[in-house]
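Worksheet: one structure, shown below.
The values are calculated or read from the model by the stated rules, or taken from the named source; none is laboratory data. In this text, all values refer to a predicted model and were calculated from it rather than measured experimentally. Positions of Cβ are generated from backbone atoms using ideal geometry, with glycine treated the same way; all protein chains shown enter the neighbour counts.
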Amino acid sequence: MPKEAKLHQQEPQTPQQVIQPRIGVGALIENEQGEVLLVYRNRAPEKDTWSVPGGKVDLYERLEDAVIREVKEEVDLSIRVDALLGTAETIDESKGEHWISVLYKTSVAQGTARNMEEGGAIGDVRWFPASSLPDNLACFAEPVLLEWKSKYSRE
């Protein structure tokens with residue numbers, strides 16, 4: 001008697017089980033002294049690295065609104081979005097993570113940078129001149145930060 005082919009049936013998945021790319025935003029914030037603001041990441045993805053402020057885009061939120069909100073939430077600055085710098089993609093299959101990040105060049109409109117997530121996602125907040133960027137940069141932010149640094153090396 002021939003065996004019947006059976007279709008592989010999967011259990012229904014909840015939205016939490018479906019792994020899809022997530023959208024993030026980041027802000028390269030430059031002050032009047034020509035320094036860039038970086039945050040030290042206490043949590044994954046890219047724990048223990050220096051990164052530009054930013055985070056996840058909420059459902060139905062515009063990208064520029066998301067970067068403005070994330071910067072306010074993380075470092076208490078009001079910013080102006082000056083230009084789109086580009087995109088970055090971070091994939092870690094072992095952790096089931098896939099991020100697409102949109103990075104913006106921004107400037108301070110109002111406020112003084114301070115850590116709004118102390119003891120949480122952010123361990124430190126600091127301004128860095130181009131000549132003193134830390135070595136342990138988050139991989140999604142590293143290309144735009146190195147491009148920013150090279151701009152100052154040419155001047």
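Residues in segment 86-103: is at least one in contact with a helix residue (DSSP H, G or I) (Cβ under 8 Å, 6 or more places away or on another chain) and at positive phi? Lay out the reasoning, then the answer.
From segment 86-103, those in contact with a helix residue (DSSP H, G or I) (Cβ under 8 Å, 6 or more places away or on another chain) are 86, 88, 102-103; that's our starting set.
Now restrict to residues that are at positive phi: 86.
Checked segment 86-103: at least one residue is in contact with a helix residue (DSSP H, G or I) (Cβ under 8 Å, 6 or more places away or on another chain) and at positive phi.
Quick one: I79 ticks every box in (1) within 18 Å of Q110 (Cα to Cα); (2) under 11 Å from the mean Cα position of the chain (by Cα) except a single one, so which number is it?
Every listed condition holds for I79 apart from (2).
Residues being more than 18 Å from E142 (Cβ to Cβ) and touching a Lys or Arg at 6+ places or on another chain (Cβ under 7 Å): count how many of those fall in segment 39-72.
Number of matching residues: 1.
Among the residues of segment 98-136 satisfying the criterion of being charged (D, E, K, R) and in a strand (DSSP E or B), which is modelled with the lowest pLDDT?
E118
Hey, can you tell me all the residues within segment 93-130 that are of a type in the set (D, E, K, R), more than 14 Å from N42 (Cα to Cα) and surrounded by 13 or more Cβ atoms within 10 Å (Cβ to Cβ)?
Across segment 93-130, the qualifying residues are E97, K105, R126.
From E4, E61, E74, E46, which residue is assigned to a loop (DSSP other than H, G, I, E, B), of a type in the set (D, E), at pLDDT 95 or above and over 12 Å from L103 (Cα atoms)?
Exactly one residue qualifies, and that residue is E61.
How many residues does segment 101-132 contain that are over 15 Å from P53 (Cα atoms) and hydrophobic (A, V, I, L, M, F, W, C)?
Number of matching residues: 2.
In segment 138-155, what residues are among the hydrophobic types (A, V, I, L, M, F, W, C) and either in contact with a Leu (Cβ under 6 Å, 6 or more places away or on another chain) or in a helix (DSSP H, G or I) (or both)?
Selection gives V144, L145, L146, W148.
Return the residues of segment 77-86 that are loosely packed, with under 15 Cβ neighbours inside 10 Å and either among the basic types (K, R) or modelled with pLDDT of 95 or more (or both); say none if nothing qualifies.
Hits for segment 77-86 are S78, R80, D82, A83, L84.
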